[in-house]
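Participant: Once you've had a glance at the structure underneath, I'll fire off some questions.
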Amino acid sequence: MQRWAGVCGAVCLCLFVGCSAIVVGQPSPVAPLIVWQAPGPIPVLEFQTPPRPAKGAAVDDPVYGTQIVCVTARDTDSYASPAIMNEYARADPENADGTLALLRGTEGDWHLYEVGSLQHLGVVDFRGHPDPEPRWHETDPNVVTFVEGAALWDCNVRTGAVTLVRDFSAEAPGCFFARTRFEGEPSRDGRYFCLRLEDENYNLLQIICYDRETDTIEGRLGEVNGDWDWVSMDLSGTHCILGSGDTTDAVSCYRDFSHQLQLPHGIGHADVALDADGRDVLVYQNAATDFIAMVDLETGVETNLLPIPFADNTDIGLHFSGNCVSRPGWVLVSTYGGQLSAKSWMDQCLFVLQLRADPIVWRVAQTFCLQDPDLDPDYFGEAFAAINGAATRVWWGANWNARGANNTRYETYYAKLPPDWEPRVLAAVGQ
């Protein structure tokens, strides 16, 4: 039998925590955290699917013990799309003070929820744009910044008032759109935005770095070599990142587009994060080496974190969420696939990964999200989970391992993380 470290730091045998439905806000019994440190084999734990909780109820993951809360229900919330979930792993669904969450219907309708009560507060209309790339304001809990046309806007979700931040149409001849192309983020303080300027056919014209505080263009890349798939800022606002969708290449550079640094070949799904020293890194699946890896955005030095166990299961997809700035040195990883039973330790689960060589792995929860092997894989079944900035909740959409007609009926859930999880995880391995 495989063994791993429990929260007390001793070596523990496999512990399965019983499943019990509870009311949101009612404390769950303290469960051991399932923690492991590289190198060495990680035990494979079989899937166990408890009864699906109703909206406002919670269930303890029977394998990992983490409390899972059901946020949405189509029958009561009456959202328009067939399903609803967080937008993507890179975007924090929670506002500045953690009281509101913004969720996306699978057909492009946007919905506001109160986190404490899980009440559906209504639809948010971003000037009719289905892909507005909404990002919560860094300090105002009622404001979302979004893109529409060639401009950046603010929306007050309480009043519905929309305010123009900056129109970029005059920055490049024929500019019709300004956006990151779905996957980008502003700097964590909301000051800097890296944006693609595109013509009416979405052809890339320029890449700019916009300083919202001074309302100036900090840098401009006029001669663009290639059609970069997405652009983003790092968390500190020091670097712009240009990512390529097909060639798995990426470039890091300063805000004025100097100091261009070719990042390691093979970058797939990725997100920016901060390491334990507060340095900006990109964490990603390296498709060339089959490792989860990170690269220092200033130096280009790559660190392999964990091998991806493709020898045990070739059907493993990964997403990364580095939003947890209150806990630098960690990143959330969510995995997806069509396995009906676990073949590797990494199958269809959420885990928190330490950003260092020979990292700690805290295995948080199952995703309860199955890409039905008898159906074509559904994009929304990728369980692209997002951790919030306070590192207290993980949000994602799940079909509760349904097959057939109910496989695409996703609702939104969050995993409630213990407030003291970091010292408990470190203590589990004697750190």
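Participant: Working only within region 252-278, note down all residues that are surrounded by fewer than 19 Cβ atoms within 10 Å (Cβ to Cβ) and more than 17 Å from the chain's Cα centre (by Cα).
Facilitator: Y254, D256, S258, H259, Q260, L261, Q262, H265, A276, D277, G278
Participant: Separate question: Could you tell me which residue of region 361-372 is surrounded by the fewest Cβ atoms within 10 Å (Cβ to Cβ), considering only residues that are of a type outside the set (S, T, Y) and touching a Leu at 6+ places or on another chain (Cβ under 7 Å)?
Facilitator: By that ranking, first place goes to V361.
Participant: Among the residues of region 61-108, count how many are under 24 Å from V364 (Cα atoms) and of a type in the set (S, T, Y).
Facilitator: Qualifying residue count for the region: 5.
Participant: Taking into account only those residues within region 166-194 that are more than 12 Å from F146 (Cα to Cα) and among the polar types (S, T, N, Q), which is surrounded by the fewest Cβ atoms within 10 Å (Cβ to Cβ)?
Facilitator: This residue is S169.
Participant: Okay, next question. Scan region 310-319 and give yes if some residue there is farther than 19 Å from K343 by Cβ and either surrounded by fewer than 21 Cβ atoms within 10 Å (Cβ to Cβ) or among the small types (G, A, S) (or both), otherwise no.
Facilitator: No, the conditions are met nowhere in region 310-319.
Participant: Among G128, G116, which is the only one that is small (G, A, S), loosely packed, with under 15 Cβ neighbours inside 10 Å and modelled with pLDDT under 95?
Facilitator: G128
Participant: Suppose we filter N156, N142 for residues that are over 27 Å from T238 (Cα atoms), polar (S, T, N, Q) and surrounded by fewer than 19 Cβ atoms within 10 Å (Cβ to Cβ); which single one remains?
Facilitator: Answer to the check: N156.
Participant: Just one of A390, A383, A342 is on the phi > 0 side of the Ramachandran plot, among the hydrophobic types (A, V, I, L, M, F, W, C) and touching a residue at least 60 places away in the same chain (Cβ under 8 Å); which is it?
Facilitator: A383
Participant: Which ones in region 182-238 are part of a loop (DSSP other than H, G, I, E, B), closer than 23 Å to E298 by Cα and of a type in the set (S, T, N, Q)?
Facilitator: Answer for region 182-238, where residues must be part of a loop (DSSP other than H, G, I, E, B), closer than 23 Å to E298 by Cα and of a type in the set (S, T, N, Q): S187, N225, S236, T238.
Participant: Which condition from (1) touching a strand residue (DSSP E or B) at 6+ places or on another chain (Cβ under 6 Å); (2) buried (at least 24 other Cβ atoms within 10 Å of the Cβ); (3) not β-branched (V, I, T) is the one that F351 breaks?
Facilitator: Status for F351: all satisfied but (2).
Participant: Pick from region 91-113 the residues that are surrounded by fewer than 16 Cβ atoms within 10 Å (Cβ to Cβ) and not charged (D, E, K, R): which of them is modelled with the highest pLDDT?
Facilitator: My answer is T99.
Participant: Let me ask you something else. Scanning for something surrounded by fewer than 24 Cβ atoms within 10 Å (Cβ to Cβ), β-branched (V, I, T), modelled with pLDDT of 95 or more and within 22 Å of N95 (Cα to Cα), does region 377-400 turn up at least one residue?
Facilitator: So far as region 377-400 goes, yes, one or more of its residues are surrounded by fewer than 24 Cβ atoms within 10 Å (Cβ to Cβ), β-branched (V, I, T), modelled with pLDDT of 95 or more and within 22 Å of N95 (Cα to Cα).
Participant: Kindly provide the set of residues from region 29-57 that are over 29 Å from L355 (Cα atoms) and small (G, A, S), ordered by number.
Facilitator: A54, G56, A57
Participant: When region 34-60 is examined, which residues are found to be without any contact (Cβ under 8 Å) to a residue 40 or more places away in the chain, surrounded by fewer than 15 Cβ atoms within 10 Å (Cβ to Cβ) and farther than 21 Å from S341 by Cα?
Facilitator: The answer is G40, A54.
Participant: May I ask you to list the residues in region 204-226 that are farther than 24 Å from R279 by Cβ and exposed (fewer than 14 other Cβ atoms within 10 Å of the Cβ)?
Facilitator: The answer is T214, D215, T216, G222, E223, N225, G226.
Participant: Also, I was wondering about something else. What's the total number of residues in region 408-431 that are in a loop (DSSP other than H, G, I, E, B) and either surrounded by fewer than 20 Cβ atoms within 10 Å (Cβ to Cβ) or free of Cβ contacts under 8 Å to residues at least 12 places away in the same chain (or both)?
Facilitator: 8
Participant: If I go through region 61-89 residue by residue, how many of them are in contact (Cβ under 8 Å) with a residue 60 or more places away in the chain and among the hydroxyl-bearing types (S, T, Y)?
Facilitator: Matching residues across region 61-89 total 4.
Participant: Give the residues of region 285-322 that are out of contact with any Phe, Trp or Tyr (no Cβ under 9 Å at 6 or more places or on another chain), without any contact (Cβ under 8 Å) to a residue 24 or more places away in the chain and not in a loop (DSSP other than H, G, I, E, B), sorted by residue number.
Facilitator: N286, F291, D296, listed by residue number.
Participant: So is E198 within 26 Å of Q260 (Cβ to Cβ), surrounded by 21 or more Cβ atoms within 10 Å (Cβ to Cβ) and either within 18 Å of the chain's Cα centre (by Cα) or without any contact (Cβ under 8 Å) to a residue 12 or more places away in the chain (or both) or not?
Facilitator: Judged against the criteria, E198 is not a match.
Participant: Please go through region 63-85 and give me each residue that is in contact with a His (Cβ under 7 Å, 6 or more places away or on another chain) and charged (D, E, K, R), ordered by number.
Facilitator: Result: D77, single match.
Participant: Identify, from the list V325, V331, the residue that is in a loop (DSSP other than H, G, I, E, B), within 30 Å of G237 (Cα to Cα), modelled with pLDDT of 95 or more and of a type in the set (A, V, I, L, M).
Facilitator: That would be V325, the only listed residue that is in a loop (DSSP other than H, G, I, E, B), within 30 Å of G237 (Cα to Cα), modelled with pLDDT of 95 or more and of a type in the set (A, V, I, L, M).
Participant: Could you look through region 80-90, keep only residues that are surrounded by fewer than 24 Cβ atoms within 10 Å (Cβ to Cβ) and at pLDDT 95 or above, and pick out the one that is nearest to G184 (Cα to Cα)?
Facilitator: Ranking the candidates gives Y88 first.
The values are calculated or read from the model by the stated rules, or taken from the named source; none is laboratory data. All of these numbers come straight from a predicted model, not from anything done at the bench. Because the Cβ atoms are built from the backbone with ideal geometry, glycine has one as well, and the counts that use them run over all protein chains shown.
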